[in-house]
Amino acid sequence: MEFQIVEQEFTIDGKKVTLKTGEMAKSANGSVLVTSGDTVILVTATGSKKPRPGIDFFPLLVDYEEKMYAVGRLPGGFIKREGRPSEKAVLTSRLIDRPIRPLWPDGYRKDVQIVATPLSVGPENPPDTLSVLGASAALVLSGLPFQGPIGAIRVGIVNGELVGNPSYEESEKSELDLIVAGTADSILMVEAGAQFVNEETLLRAIDFAHGEIKQQVQAQLEFAKKCGVVRQEFVPDEDLTPLIDLALKTVESDVEAAFHDFDRESRQAKLEAAREKFDETIAALPEEDSIKVLIASSQLDFVSDVFKKVEKKVMRRMIIKENVRADGRKPDEIRPITCRVGLLPRTHGSALFTRGNTQVLSLCTLGSPGDAQSLDGVDPKTEKRWIHHYSFPGFSVGEVKPLRGAGRREIGHGALAERAILSALPEKEQFAYTIRVNSEVLESNGSTSMASTCGASLALMDAGVPMSTPIGGIAMGLIKEGDEYKVLSDIQGVEDFLGDMDFKVTGNETGVTALQMDIKIGGISLEIMRNALEQAKKGRLHILSKMAEAITEPRETLSEWAPRMITMRIPQDTIGAVIGPGGKTIRGIIEETGATIDIEDDGLVTITSVTGDGGERAKAIIEKLTMKIERGLITEGRVVRIIPAGAFVELTPGKDGMVHISQLVNRRVEKVEDILSVGDKVVVKVVEIDDRGRVNLTMKGVTPEELAQFQPENIQQETLTTVPQ
């Protein structure tokens, strides 16, 4: 079969982008090569021919496959083959998934897989948003009933100007890292990290992004036209209208009564009773009834699906028409909040954040710079010193679930809180510790990621990390029926599950530090986003005021169990002397003092020790190893060799000086051995460095005051030494 190679060119904020198909991966339903500068990504879309039996959800699988050849590097580790996806790869997979998932017909249950593989990655064009674009183009070419296309773009602010798809270097300088995806008509997804950017600037950036997205959508439509693509039409196999009508007739009033009971457990009991009533009604139908035939002929649980539709209708109608939510709150009302800090004795910092039926315990741990996480991926960033980990055990929602490694959702929620707090953390020069916070979800009923953000902020302050400001977070929801809509503050689980939007906003009173928006409908307008941001700011300030009741600023001192840190700077040409051949010298210092030592290429030395004494001893040793030997220097040394004329004293490894026999003490000495032995520790002063670099020393020229600066009990020296007149 002959394949025609088709290309489509367009620009994203002036940068040329090319979509190409017909050359690679031709067995996939849709295959696109996305090129921008030196970045080239192969994205494929493949769909199964038959629905997967027995499932009641759309089985979409997205994999972003990082391979180190894309940046000309070998993978780290022993095996030299890429293993489990990096955290960045997982987050990029989620980035692709989130705007695509809402754009499929209700009831579509055929498996769809998207695979994005960066083949080459250049520094000017990060591959993540281009992968979202490629996924949309591949789906459009596949002919599957994807209700796209969509576009995606990253927006930064460089020198006060909005920049589309900035380079890695530009992103480092930007106060905003915003990713927006959407259709030609509306916004589908927003993801952002920011340095306290105000809401108006965010809206301006989103509006700018949407203008670029419209051009991407148009380019894909033209691309599909060139390729002669015909999109499949999807018609559900089952007509659920009779079952829905029966549910509304039988239990709608019972569900209505349940949702007007604002006690969570009581409401749940009433809903279970209504469901039993519905089951009994169906069981009483004749066997030949079309509803019973439909239920018996399918592996799917249509009864549960339809009952949820009734719940959804009732809950949404209450909010739109009565301005009342399932727990009795008004749309902008926040659930009760309590905060505690300093709960646990041996952790470096701890906090318990409780909001309604959502509770998170956050624990802070401080480590040395060497504890920073090494990153192995196509992204130029190679290490991370601020780490936030989020855990969601089954007991938090009353379920039995085996404890396994972090899933994509847990990685995504952890990364959101991590990004939210980053702008408030001190620079490495000010606070060199590696910082980790574990957020353990103890109970969940909506927005545990925002509870984790608040809990992490409190735990960091409890640990004494000098944050510039506390950070609070809130999750906003949306109920939209036609042109009517209500924005909800602090959504709970049922409003997330049955609502249209999950919009998370973090920051302080001056600006926003992170955004994440996902929707379940075909998109929202800029007006709805504006209202959501305004309402979110009011809620965020309320939450921050509740956090301030527990702690208002970082503690002045670290926990007694936190490691103590000493920083010093040494000349770059002395780094080798501290490390020693094969690392022998620095390993010896670590073994002797128990301290952890990290040395950077610019000569910055960080010494971390649980005991202050070990750190100070390590510092003294390094100072000695790197000291400049010059006339007048007073230092400790060790006798390494004795000759009739005097003793050789090691000042630093590889550098000795000689104390003449006449310079040992203020009296006549017949033999050097009468005063010193090899291995003795002494305090000496440099008298002279001759033109051949030889160092002449004195012991009797050291005054009692100068000698007292050292440790006399370890010094083999007459302490009543006086300088001769």
- Item | Identified option (computed Cα extents along the principal axes in Å; candidates [x] 93, 54, 52; [y] 122, 65, 47; [z] 110, 86, 43) | [y]
- Item | Mean residue ellipticity (222 nm) of the chain, computed from DSSP H runs ≥ 4 via -39,500 (n - 2.57), nearest 500 | -10000 deg cm²/dmol
- Simple spin-label model, 7 Å along Cα-to-Cβ: PHE431 to SER304 in nm? 4.6
- Item | Positive-end residue of THR698, GLY156, VAL115, charge dipole of the chain with Cβ unit charges | THR698
- Hey, quick one: spin label on GLN147, modelled 7 Å out along Cα-Cβ, who in region 498-527 has an amide N within reach, i.e. under 17 Å? 498-502, 518-525
- Query: For THR611 and ARG667 in the same chain, what is the full-extension length gain: residue separation times 0.36 nm, less their Cα-Cα distance, in nm?
  - Reply: 15.9 nm
- Item | Relative packing of peptides 119-132, 299-312, 446-459 - highest average C-beta neighbours within 10 Å first | 446-459, 119-132, 299-312
- VAL324/GLU591 FRET efficiency (R0 56 Å; Cβ-Cβ; nearest 0.05): 0.25
- Extension gain THR241-GLU705, at 0.36 nm per residue separation less the Cα-Cα distance, in nm? 157.3 nm
- Query: Across region 242-258, in residue order, what do the Karplus-derived ³J(HN,Hα) couplings come to in whole Hz, using 6.51 cos²θ - 1.76 cosθ + 1.60 with θ = phi - 60° and x for Gly and Pro?
  - Reply: x, 5, 5, 4, 5, 5, 4, 5, 8, 10, 4, 5, 5, 5, 4, 5, 5
- Pop the C-beta distance of LEU248 and LEU343 into the FRET formula with R0 = 56 Å and round what comes out to the nearest 0.05. 0.70
- Go ahead and collect, in residue order, the members of region 406-439 whose backbone nitrogen is under 15 Å from a label point 7 Å along the Cα-Cβ direction of GLU383. 428-436
- Nitroxide proxy distance, nm - points 7 Å out along Cα→Cβ at LYS624 and ALA296: 9.2
- At what distance in angstrom do the alpha carbon centres of region 194-220 and region 297-340 lie from each other? 31
- Message: Need the C-alpha centroid separation for region 1-54 versus region 524-597, integer Å.
- Response: 43
- For 154-161, 286-293, ranked highest to lowest by mean beta-carbon neighbours within 10 Å, the order is 154-161, 286-293
- So between LEU604 and ASP263, what do we pick up on full extension, going 0.36 nm a residue minus the alpha carbon distance? 116.9 nm
- PHE503, PHE278 arranged by Cβ crowding within 10 Å, fewest neighbours leading: PHE278, PHE503
- Note on the structure: Label model pair ILE689, LEU74: point-to-point distance (7 angstrom along the Cα→beta-carbon line) in nm is 4.3
- Model label zone, GLU200; criterion: amide N under 19 Å from point 7 Å along Cα-to-beta-carbon; scope region 495-511: 508-511
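Just so you know, all these numbers are worked out from the coordinates, no wet-lab data involved. Here the structure is a predicted model, which is why all the values come from computation and not from measurement. Every residue, glycine among them, receives a Cβ derived from its backbone with ideal geometry; neighbour counts consider all protein chains shown.
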